[in-house]
Amino acid sequence: AVIEGVGIAGRNALAQHMLNAIASLLSSPPPPPPQPVSKLPPFEQLYIFAALIAGLLLLLAAQRPPPKGTVARWLPAPGEKRVYETWVLWYSIVWMGAFGVIIALELYEEFTAATYFLVCGGLAAPLVLRELARGGADGRPLGERHGARAQLWIAIFGFIGNYWYTHYFYCVLRARYTVPAWRLNDVPICMYLATHFYFSSYHVFANLALRRVATGFAPGNLRTALFAYVVCALSYATAFMETLTISHFPYYDFEDRHMAYTLGSAFYGIYFLVSFPVYYALDEPGNTPLEGTGLRGVALSSLGAGMLVLLLLDLTRLAAAGAPLTIGGKLWEVTPKGLAGSA
(Lines give C-alpha, C1' and ligand atoms only; values in the text may rest on other atoms or scores of the structure.)
Protein backbone atom coordinates (compact mmCIF):
# COMPACT_ATOMS: atom_id res chain seq x y z
CA ALA A 1 0.00 0.00 0.00
CA VAL A 2 2.88 2.34 0.83
CA ILE A 3 4.58 1.57 -2.47
CA GLU A 4 1.33 2.13 -4.36
CA GLY A 5 0.83 5.49 -2.58
CA VAL A 6 4.29 6.63 -3.53
CA GLY A 7 3.66 5.68 -7.15
CA ILE A 8 0.40 7.64 -7.26
CA ALA A 9 2.10 10.70 -5.75
CA GLY A 10 4.88 10.45 -8.33
CA ARG A 11 2.40 10.19 -11.19
CA ASN A 12 0.49 13.21 -9.87
CA ALA A 13 3.66 15.26 -9.60
CA LEU A 14 4.67 14.27 -13.13
CA ALA A 15 1.24 15.19 -14.45
CA GLN A 16 1.36 18.57 -12.70
CA HIS A 17 4.83 19.25 -14.13
CA MET A 18 3.61 18.42 -17.66
CA LEU A 19 0.56 20.69 -17.23
CA ASN A 20 2.82 23.55 -16.08
CA ALA A 21 5.12 23.03 -19.08
CA ILE A 22 2.16 23.08 -21.52
CA ALA A 23 0.74 26.21 -19.87
CA SER A 24 4.08 28.00 -20.15
CA LEU A 25 4.28 27.12 -23.86
CA LEU A 26 0.75 28.39 -24.54
CA SER A 27 1.06 31.58 -22.51
CA SER A 28 2.43 34.75 -24.08
CA PRO A 29 6.17 35.32 -23.64
CA PRO A 30 7.19 37.74 -20.91
CA PRO A 31 7.54 41.31 -22.09
CA PRO A 32 11.07 42.41 -22.94
CA PRO A 33 12.80 44.66 -20.44
CA PRO A 34 12.11 48.35 -21.04
CA GLN A 35 14.59 50.10 -23.27
CA PRO A 36 16.61 52.85 -21.61
CA VAL A 37 15.28 56.31 -22.38
CA SER A 38 17.48 58.00 -24.96
CA LYS A 39 19.07 61.26 -23.87
CA LEU A 40 19.84 62.29 -27.42
CA PRO A 41 17.82 65.07 -29.05
CA PRO A 42 14.84 64.06 -31.21
CA PHE A 43 15.19 63.88 -34.98
CA GLU A 44 12.94 66.94 -35.34
CA GLN A 45 15.81 69.11 -34.13
CA LEU A 46 17.47 68.64 -37.52
CA TYR A 47 14.49 70.30 -39.19
CA ILE A 48 14.50 73.15 -36.69
CA PHE A 49 18.19 73.92 -37.18
CA ALA A 50 17.95 73.44 -40.96
CA ALA A 51 15.19 76.07 -41.01
CA LEU A 52 17.25 78.42 -38.84
CA ILE A 53 20.29 78.08 -41.11
CA ALA A 54 18.20 78.55 -44.26
CA GLY A 55 16.68 81.75 -42.89
CA LEU A 56 20.11 83.04 -41.90
CA LEU A 57 21.54 82.39 -45.36
CA LEU A 58 18.64 84.18 -47.04
CA LEU A 59 19.09 87.26 -44.85
CA LEU A 60 22.85 87.26 -45.34
CA ALA A 61 22.39 87.12 -49.11
CA ALA A 62 20.18 90.20 -48.97
CA GLN A 63 22.70 92.38 -47.10
CA ARG A 64 24.64 95.25 -48.63
CA PRO A 65 28.32 95.95 -47.83
CA PRO A 66 29.09 98.51 -45.13
CA PRO A 67 30.21 102.06 -45.90
CA LYS A 68 33.84 102.47 -46.93
CA GLY A 69 36.21 102.66 -44.01
CA THR A 70 33.99 100.57 -41.72
CA VAL A 71 35.83 97.67 -40.11
CA ALA A 72 33.77 94.53 -39.58
CA ARG A 73 34.56 93.31 -36.07
CA TRP A 74 33.96 90.25 -33.92
CA LEU A 75 35.74 91.69 -30.90
CA PRO A 76 35.35 95.31 -29.74
CA ALA A 77 37.77 97.99 -30.81
CA PRO A 78 40.95 98.11 -28.71
CA GLY A 79 40.08 99.23 -25.22
CA GLU A 80 38.66 98.08 -21.91
CA LYS A 81 35.70 96.18 -23.31
CA ARG A 82 37.94 94.23 -25.67
CA VAL A 83 40.26 93.30 -22.80
CA TYR A 84 37.29 92.08 -20.73
CA GLU A 85 35.70 90.02 -23.51
CA THR A 86 39.03 88.43 -24.43
CA TRP A 87 39.55 87.46 -20.78
CA VAL A 88 36.08 85.88 -20.57
CA LEU A 89 36.71 83.91 -23.77
CA TRP A 90 39.95 82.49 -22.36
CA TYR A 91 38.38 81.78 -19.00
CA SER A 92 35.51 79.95 -20.70
CA ILE A 93 38.03 77.28 -21.71
CA VAL A 94 38.92 76.83 -18.03
CA TRP A 95 35.42 76.32 -16.64
CA MET A 96 34.24 74.26 -19.61
CA GLY A 97 37.29 72.03 -19.27
CA ALA A 98 36.67 71.64 -15.52
CA PHE A 99 33.02 70.68 -16.09
CA GLY A 100 34.02 68.32 -18.90
CA VAL A 101 36.41 66.44 -16.60
CA ILE A 102 33.81 66.28 -13.81
CA ILE A 103 31.15 64.85 -16.14
CA ALA A 104 33.45 62.49 -18.07
CA LEU A 105 34.99 60.97 -14.94
CA GLU A 106 31.68 61.06 -13.02
CA LEU A 107 33.39 62.85 -10.16
CA TYR A 108 30.00 64.29 -9.21
CA GLU A 109 29.01 60.92 -7.75
CA GLU A 110 31.21 61.73 -4.75
CA PHE A 111 30.05 65.35 -4.43
CA THR A 112 28.24 66.62 -1.36
CA ALA A 113 26.28 69.86 -1.06
CA ALA A 114 29.48 71.54 0.15
CA THR A 115 31.47 70.15 -2.80
CA TYR A 116 28.99 71.51 -5.35
CA PHE A 117 29.07 74.87 -3.60
CA LEU A 118 32.87 75.01 -3.55
CA VAL A 119 33.30 73.84 -7.17
CA CYS A 120 30.75 76.24 -8.64
CA GLY A 121 31.73 79.07 -6.33
CA GLY A 122 35.39 78.49 -7.11
CA LEU A 123 34.73 78.71 -10.84
CA ALA A 124 32.60 81.85 -10.52
CA ALA A 125 34.97 83.67 -8.17
CA PRO A 126 37.76 84.59 -10.66
CA LEU A 127 35.31 86.53 -12.83
CA VAL A 128 34.24 88.69 -9.89
CA LEU A 129 37.55 88.94 -8.07
CA ARG A 130 39.36 90.06 -11.20
CA GLU A 131 37.13 93.13 -11.48
CA LEU A 132 37.37 93.94 -7.77
CA ALA A 133 41.16 93.73 -7.93
CA ARG A 134 41.39 95.83 -11.09
CA GLY A 135 39.02 98.41 -9.65
CA GLY A 136 41.49 99.31 -6.95
CA ALA A 137 44.58 99.18 -9.13
CA ASP A 138 44.27 102.62 -10.73
CA GLY A 139 41.81 104.33 -8.41
CA ARG A 140 38.99 104.46 -10.96
CA PRO A 141 35.52 103.78 -9.53
CA LEU A 142 34.06 100.35 -10.35
CA GLY A 143 31.13 102.04 -12.04
CA GLU A 144 33.47 103.37 -14.72
CA ARG A 145 34.98 99.97 -15.55
CA HIS A 146 33.25 97.86 -18.18
CA GLY A 147 34.24 94.57 -16.57
CA ALA A 148 32.66 95.50 -13.24
CA ARG A 149 29.52 96.79 -14.96
CA ALA A 150 29.23 93.63 -17.05
CA GLN A 151 29.70 91.38 -14.03
CA LEU A 152 27.04 93.23 -12.04
CA TRP A 153 24.60 92.97 -14.97
CA ILE A 154 25.16 89.21 -15.26
CA ALA A 155 25.01 88.64 -11.49
CA ILE A 156 21.61 90.32 -11.15
CA PHE A 157 20.11 88.74 -14.25
CA GLY A 158 21.40 85.29 -13.29
CA PHE A 159 20.03 85.59 -9.75
CA ILE A 160 16.59 86.54 -11.05
CA GLY A 161 16.72 83.63 -13.48
CA ASN A 162 17.44 81.09 -10.77
CA TYR A 163 15.15 82.52 -8.10
CA TRP A 164 12.10 82.98 -10.37
CA TYR A 165 12.48 81.40 -13.79
CA THR A 166 13.56 77.95 -12.53
CA HIS A 167 10.06 77.41 -11.16
CA TYR A 168 8.66 77.70 -14.67
CA PHE A 169 10.85 74.74 -15.63
CA TYR A 170 9.61 72.85 -12.59
CA CYS A 171 5.95 73.48 -13.43
CA VAL A 172 5.87 73.55 -17.24
CA LEU A 173 8.62 71.06 -18.18
CA ARG A 174 8.54 69.04 -14.94
CA ALA A 175 12.29 69.50 -14.50
CA ARG A 176 13.98 68.72 -11.21
CA TYR A 177 17.36 68.94 -9.55
CA THR A 178 18.22 65.95 -7.38
CA VAL A 179 21.78 66.88 -6.44
CA PRO A 180 22.67 67.05 -2.77
CA ALA A 181 22.29 70.77 -2.23
CA TRP A 182 21.79 73.77 -0.05
CA ARG A 183 18.74 75.44 -1.58
CA LEU A 184 17.37 78.95 -1.76
CA ASN A 185 13.71 79.02 -2.87
CA ASP A 186 14.04 75.35 -3.88
CA VAL A 187 16.91 76.06 -6.28
CA PRO A 188 20.36 74.64 -5.44
CA ILE A 189 22.64 77.50 -4.44
CA CYS A 190 25.39 75.95 -6.57
CA MET A 191 23.21 76.71 -9.61
CA TYR A 192 23.13 80.42 -8.75
CA LEU A 193 26.93 80.28 -8.82
CA ALA A 194 27.22 78.13 -11.96
CA THR A 195 24.84 80.41 -13.83
CA HIS A 196 27.23 83.30 -13.28
CA PHE A 197 30.07 81.82 -15.31
CA TYR A 198 27.70 80.16 -17.80
CA PHE A 199 25.97 83.46 -18.55
CA SER A 200 29.22 85.46 -18.58
CA SER A 201 30.42 83.26 -21.43
CA TYR A 202 27.09 83.02 -23.27
CA HIS A 203 26.70 86.77 -23.47
CA VAL A 204 30.23 87.40 -24.67
CA PHE A 205 29.80 84.70 -27.35
CA ALA A 206 26.57 86.40 -28.44
CA ASN A 207 28.32 89.78 -28.52
CA LEU A 208 30.80 88.44 -31.08
CA ALA A 209 28.06 87.49 -33.55
CA LEU A 210 25.91 90.57 -32.95
CA ARG A 211 28.89 92.90 -33.32
CA ARG A 212 29.84 91.22 -36.60
CA VAL A 213 26.34 91.88 -37.92
CA ALA A 214 26.27 95.46 -36.65
CA THR A 215 29.64 96.36 -38.20
CA GLY A 216 29.76 94.11 -41.25
CA PHE A 217 26.78 95.33 -43.27
CA ALA A 218 25.19 98.57 -44.39
CA PRO A 219 22.74 100.07 -41.88
CA GLY A 220 19.06 99.86 -42.69
CA ASN A 221 16.01 97.64 -42.35
CA LEU A 222 17.76 94.60 -43.80
CA ARG A 223 20.56 94.75 -41.26
CA THR A 224 18.05 95.32 -38.46
CA ALA A 225 16.13 92.25 -39.60
CA LEU A 226 19.34 90.20 -39.67
CA PHE A 227 20.31 91.45 -36.20
CA ALA A 228 16.92 90.45 -34.78
CA TYR A 229 17.07 87.09 -36.52
CA VAL A 230 20.53 86.36 -35.15
CA VAL A 231 19.31 87.20 -31.64
CA CYS A 232 16.45 84.70 -32.03
CA ALA A 233 18.63 81.98 -33.57
CA LEU A 234 21.38 82.41 -30.97
CA SER A 235 18.83 82.32 -28.16
CA TYR A 236 17.38 79.00 -29.31
CA ALA A 237 20.77 77.47 -30.13
CA THR A 238 22.27 78.49 -26.79
CA ALA A 239 19.36 77.00 -24.86
CA PHE A 240 19.46 73.80 -26.91
CA MET A 241 23.21 73.34 -26.54
CA GLU A 242 23.04 73.72 -22.77
CA THR A 243 20.28 71.09 -22.61
CA LEU A 244 22.34 68.78 -24.80
CA THR A 245 25.63 69.20 -22.95
CA ILE A 246 24.13 68.43 -19.53
CA SER A 247 21.97 65.55 -20.78
CA HIS A 248 24.30 62.95 -19.27
CA PHE A 249 24.30 64.57 -15.85
CA PRO A 250 21.82 62.32 -14.02
CA TYR A 251 20.79 64.75 -11.29
CA TYR A 252 19.04 67.26 -13.54
CA ASP A 253 16.24 65.61 -15.41
CA PHE A 254 12.96 66.21 -17.20
CA GLU A 255 9.75 64.22 -17.16
CA ASP A 256 9.60 64.50 -20.96
CA ARG A 257 13.05 64.89 -22.52
CA HIS A 258 11.59 65.29 -26.04
CA MET A 259 9.64 68.31 -24.81
CA ALA A 260 12.73 69.60 -23.04
CA TYR A 261 14.73 69.66 -26.28
CA THR A 262 12.01 71.21 -28.46
CA LEU A 263 9.61 73.32 -26.40
CA GLY A 264 12.08 73.61 -23.52
CA SER A 265 14.81 75.12 -25.72
CA ALA A 266 12.35 77.74 -27.00
CA PHE A 267 11.14 78.39 -23.45
CA TYR A 268 14.68 78.79 -22.10
CA GLY A 269 15.61 80.85 -25.15
CA ILE A 270 13.19 83.57 -23.99
CA TYR A 271 15.83 84.54 -21.42
CA PHE A 272 18.27 85.42 -24.17
CA LEU A 273 15.79 87.09 -26.51
CA VAL A 274 15.84 89.92 -24.02
CA SER A 275 19.27 89.67 -22.44
CA PHE A 276 21.46 89.30 -25.55
CA PRO A 277 20.60 92.65 -27.20
CA VAL A 278 20.43 94.55 -23.89
CA TYR A 279 23.79 93.20 -22.72
CA TYR A 280 25.34 93.84 -26.14
CA ALA A 281 24.48 97.54 -25.87
CA LEU A 282 26.35 97.81 -22.57
CA ASP A 283 29.24 100.24 -23.24
CA GLU A 284 29.15 99.38 -26.95
CA PRO A 285 30.30 102.28 -29.20
CA GLY A 286 27.58 103.52 -31.52
CA ASN A 287 24.72 102.31 -29.31
CA THR A 288 22.40 104.45 -27.24
CA PRO A 289 23.24 103.59 -23.61
CA LEU A 290 20.37 101.75 -21.95
CA GLU A 291 22.02 101.54 -18.58
CA GLY A 292 22.98 105.12 -17.77
CA THR A 293 26.18 105.72 -15.87
CA GLY A 294 27.68 103.99 -12.88
CA LEU A 295 26.62 100.73 -11.29
CA ARG A 296 23.13 101.91 -10.38
CA GLY A 297 22.16 102.32 -14.00
CA VAL A 298 23.52 98.86 -14.81
CA ALA A 299 21.51 97.35 -11.96
CA LEU A 300 18.31 99.00 -13.18
CA SER A 301 18.98 97.79 -16.73
CA SER A 302 19.42 94.20 -15.57
CA LEU A 303 16.38 94.36 -13.28
CA GLY A 304 14.27 95.69 -16.14
CA ALA A 305 15.45 92.93 -18.48
CA GLY A 306 14.68 90.37 -15.77
CA MET A 307 11.12 91.66 -15.37
CA LEU A 308 10.50 91.56 -19.13
CA VAL A 309 11.69 87.95 -19.30
CA LEU A 310 9.39 87.04 -16.40
CA LEU A 311 6.40 88.52 -18.22
CA LEU A 312 7.26 86.68 -21.45
CA LEU A 313 7.73 83.37 -19.61
CA ASP A 314 4.38 83.69 -17.89
CA LEU A 315 2.56 84.63 -21.08
CA THR A 316 4.15 81.63 -22.79
CA ARG A 317 3.14 79.37 -19.90
CA LEU A 318 -0.47 80.49 -20.19
CA ALA A 319 -0.63 80.41 -23.99
CA ALA A 320 1.35 77.26 -24.80
CA ALA A 321 1.14 75.02 -21.77
CA GLY A 322 -1.60 76.23 -19.45
CA ALA A 323 0.23 74.59 -16.57
CA PRO A 324 -0.39 76.11 -13.13
CA LEU A 325 2.55 77.90 -11.57
CA THR A 326 3.28 76.60 -8.08
CA ILE A 327 6.17 77.99 -6.06
CA GLY A 328 6.63 76.04 -2.86
CA GLY A 329 10.24 76.71 -2.01
CA LYS A 330 11.72 77.63 1.35
CA LEU A 331 14.18 80.33 2.24
CA TRP A 332 16.71 77.66 3.23
CA GLU A 333 16.58 73.94 2.65
CA VAL A 334 19.07 71.09 2.56
CA THR A 335 18.30 68.11 0.31
CA PRO A 336 20.25 64.83 -0.02
CA LYS A 337 21.20 63.17 -3.30
CA GLY A 338 18.23 61.80 -5.26
CA LEU A 339 15.58 64.07 -3.76
CA ALA A 340 14.17 67.26 -5.21
CA GLY A 341 13.20 70.16 -2.99
CA SER A 342 9.89 71.13 -1.48
CA ALA A 343 8.28 72.69 -4.56
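The values are calculated or read from the model by the stated rules, or taken from the named source; none is laboratory data. Here the structure is a predicted model, which means the values were calculated and not measured. No Cβ is skipped: glycine too gets one built from the backbone with ideal geometry, and neighbour counts run over all protein chains shown. When the accessible area is computed, the model is the full protein with side chains, heavy atoms only, and any ligands, DNA or RNA have been set aside. Shrake-Rupley method; radii C 1.70, N 1.55, O 1.52, S 1.80 Å.
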Using θ = phi - 60° and Karplus 6.51 cos²θ - 1.76 cosθ + 1.60, couplings along the range 312-326 (whole Hz; Gly, Pro as x): 5, 4, 6, 4, 5, 4, 5, 7, 9, 10, x, 6, x, 9, 10
What shape does the range 97-254 have by the C-alpha gyration tensor, where a ≥ b ≥ c are the square roots of the eigenvalues, rounded means a/c under 1.5, and otherwise prolate means a/b greater than b/c and oblate the rest? oblate
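Using 0.36 nm per residue of separation minus the Cα-Cα distance, give me the extension gain between residue 221 and residue 89 in nm, one decimal. It would help to have the intermediate numbers written out before the result.
Numbers: separation 132, 0.36 × 132 = 47.52 nm, distance 3.10 nm.
Separation in residues times 0.36 nm, less the Cα-Cα distance, equals 44.4 nm.
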By per-residue mean of other Cβ atoms within 10 Å, what is the highest-first order of 82-92, 55-65? 82-92, 55-65
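If a/c stays under 1.5 just call it rounded; otherwise compare a/b with b/c (prolate if a/b is bigger, oblate if not). Do that for the range 63-156, with a ≥ b ≥ c from the square roots of the Cα gyration tensor eigenvalues.
Details: a/c = 3.36, a/b = 1.57, b/c = 2.14.
Taking the square roots of the gyration eigenvalues as a ≥ b ≥ c, the range 63-156 is oblate.
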Could you order 106, 333 by accessible surface area, starting with the largest, using a probe radius of 1.4 Å? 106, 333
Quote to one decimal, in nm, the extra length available between residue 334 and residue 255 on full extension: 0.36 nm per residue of separation minus the C-alpha distance between them. 26.2 nm
Under the Karplus relation with 6.51, -1.76 and 1.60 and θ = phi - 60°, whole-Hz ³J(HN,Hα) for the range 239-252, x at Gly and Pro, equal 5, 5, 5, 5, 4, 5, 6, 9, 5, 9, 8, x, 9, 9
Determine, from the Cβ-Cβ distance of residue 118 and residue 74 and an R0 of 41 Å, the FRET efficiency 1/(1 + (r/R0)^6), rounded to the nearest 0.05. 0.75
Once the piece of chain linking residue 62 and residue 327 is laid out straight, how much longer is it, given 0.36 nm per residue of separation minus the C-alpha distance between them? 90.7 nm
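For the range 219-343, give the magnitude of the charge dipole about the Cα centre (Cβ charges: +1 Lys/Arg, -1 Asp/Glu; no others), in debye to the nearest 20. Please list the in-between numbers first.
Details: 6 positive and 9 negative charges, 13 e Å.
Once rounded to the nearest 20, the dipole reads 60 debye.
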For the modelled label position 7 Å from the Cα of residue 110 along Cα-to-Cβ, which residues of the range 174-209 have backbone nitrogen atoms closer than 17 Å? 180
Whole angstrom only: what separates the Cα centroid of the range 234-268 from the Cα centroid of the range 65-114? 21 Å
Once the whole set of protein chains is in place, how much accessible area is left on residue 189, using a 1.4 Å probe, in Å² to the nearest 10? 40 Å²
Sorted on mean Cβ neighbours within 10 Å (highest first), peptides 172-180, 153-161 come out as 153-161, 172-180
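Compute the relative contact order of the range 202-270 as a whole-number percentage, counting only Cα pairs closer than 8 Å that sit 6 or more residues apart in sequence.
Numbers: 36 pairs, mean separation 22.3, N = 69.
It rounds to 32 percent for the range 202-270.
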Please calculate the 1.4 Å probe accessible area of residue 330, with all protein chains present, and give it to the nearest 10 Å². 110 Å²
Starting from the amide H of residue 184, placed 1.01 Å from N in the peptide plane, find each other amide H under 5 Å away whose residue is 5 or more places distant or on another chain. 189
